[in-house]
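Visitor: A single structure is presented below for examination.
Please treat every number below as a calculation from the coordinates, not as lab data. Note that the coordinates shown come from a computational prediction; the quantities given were computed from them, not determined experimentally. Positions of Cβ are generated from backbone atoms using ideal geometry, with glycine treated the same way; all protein chains shown enter the neighbour counts.
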C-alpha cells in the first residue's frame, strides 16, 4: 500500500472514530444532564483518539527499515493500549463522581506513562538509526578502501609490491564489513598515504612502504578483532 494511501486511510478512520464518539456522547443524555465528569471523560477519550490516529499517521509517513519496524509497532501498540485504557476508564468513571480531581490525576498519570514509553521507544529508534548510519558509512569506507587496494595491486607499475598489496586486499575483501570500529578512518588514511608513496616512488618495499603495509595489516586485524568482540558481546 502506498504511503499516501496509508495516510489518507489513517486520517479517514480517525475522523470516523472521533465523529462516532461525539455522536454517541451527544445522542445519549441531554446536554443539561451532562456532568463535569462526563465532559472530562469525553475530552480524555477524544485526546486518546487524536493521539492514536496522529501516531499511526506519522508512522505511515515514515519508511521503516526492518530493524525499526518492531519499535514503530511498539509505539502504535502503546497508543492503542492508552486509548483502550481511556475507554475503560470512561465506562467506570462513576467511581470518581465524588472525586473529580482523582479522575483527572488518574488520566494524567496514564498520559505520563504513555508519553514516557513512547519517548523511550523513540529514543531507541534514534539510536538504532544512528548506529545503522555509522555501520553504513563504515561499510562504504571499507568498500572504497578495497577498491583502492585492488587498483594498487593490479597496477603493473607496482608489480614489485604485488604480493603484500594482494595480501592486504584479500584481508579486507574477506574481512567482516558489517560494523564500525575505532580504526576505520585510520585504515583509509594509511591506504591514502600508501597510494601517495607508491605513486611518487619515494621508497622501496623495505622502507616506508613496508612500514605502511605492516601498519595497514595490523589495523585490519584490529578492526576484525573489534568487530568479533562486539558481536560476541551482543549475544
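Visitor: Cα gyration tensor of the chain, axes a ≥ b ≥ c as square roots of the eigenvalues: rounded (a/c below 1.5), prolate (a/b > b/c) or oblate?
Guide: Judged from the Cα gyration tensor, the chain comes out prolate (a/c at least 1.5, a/b above b/c).
Visitor: Please determine, in degrees from 0 to 90 and to the nearest 10, the orientation of helix 208-233 with respect to the longest principal axis defined by the Cα atoms of the chain, where the helix direction is its Cα long axis.
Guide: Between helix and principal axis, roughly 30 degrees.
Visitor: Indicate the gyration tensor shape class of segment 135-233 (rounded, prolate or oblate), computed on the Cα atoms with a ≥ b ≥ c the square roots of the eigenvalues: a/c under 1.5 is rounded; otherwise a/b larger than b/c is prolate and the rest oblate.
Guide: It comes out prolate by the Cα gyration axes.
Visitor: Going by how many other beta carbons lie within 10 Å of each one, how would you line up 86, 114, 208, 182, fewest first?
Guide: Lowest to highest Cβ neighbour count: 182, 208, 114, 86.
Visitor: Does segment 3-98 come out rounded, prolate or oblate by the C-alpha gyration tensor, with a ≥ b ≥ c the root eigenvalues, rounded set by a/c under 1.5 and, if not, prolate when a/b is larger than b/c and oblate if not?
Guide: Taking the square roots of the gyration eigenvalues as a ≥ b ≥ c, segment 3-98 is oblate.
Visitor: Which order results if 105, 85 are arranged by neighbouring Cβ count within 10 Å, fewest first?
Guide: 105, 85
Visitor: Moving on. Just grab the label-to-label distance for residue 35 and residue 70, each label 7 Å out from Cα along the Cβ direction, in nm (one decimal).
Guide: Between residue 35 and residue 70, the simple spin-label model gives 4.6 nm.
Visitor: Multiply the residue separation of residue 7 and residue 218 by 0.36 nm, subtract the distance between their alpha-carbon atoms, and state the gained length in nm to one decimal.
Guide: Working it through step by step, the gained length comes to 70.8 nm.
Visitor: Another one. Exposure proxy check: 186, 49 ranked by fewest other beta carbons within 10 Å?
Guide: Arranged by neighbour count, lowest to highest, 186, 49 become 186, 49.
Visitor: For the chain, what does the relative contact order come out to in percent, with C-alpha contacts under 8 Å and a separation of six or more?
Guide: In percent, rounded to a whole number, it is 15.
Visitor: Calculate, in nm to one decimal, what residue 178 and residue 210 gain on full extension: separation in residues at 0.36 nm each, minus their alpha carbon distance.
Guide: 8.7 nm
Visitor: Can you pull the one-decimal nm distance between simple spin-label points at residue 144 and residue 197, each 7 Å off the Cα toward Cβ?
Guide: Output for this residue pair reads 2.1 nm.
Visitor: On to the next question. Report the FRET efficiency, 1/(1 + (r/R0)^6), for residue 229 and residue 166, where r is their Cβ-Cβ distance and R0 is 30 Å, rounded to 0.05.
Guide: Result of the calculation: an efficiency of 0.65.
Visitor: Just to confirm the number: angle between the C-alpha axis of helix 100-153 and the first principal axis of the chain, 0 to 90 degrees, nearest 10?
Guide: Long axis of 100-153 versus the principal axis of the chain: about 20 degrees.
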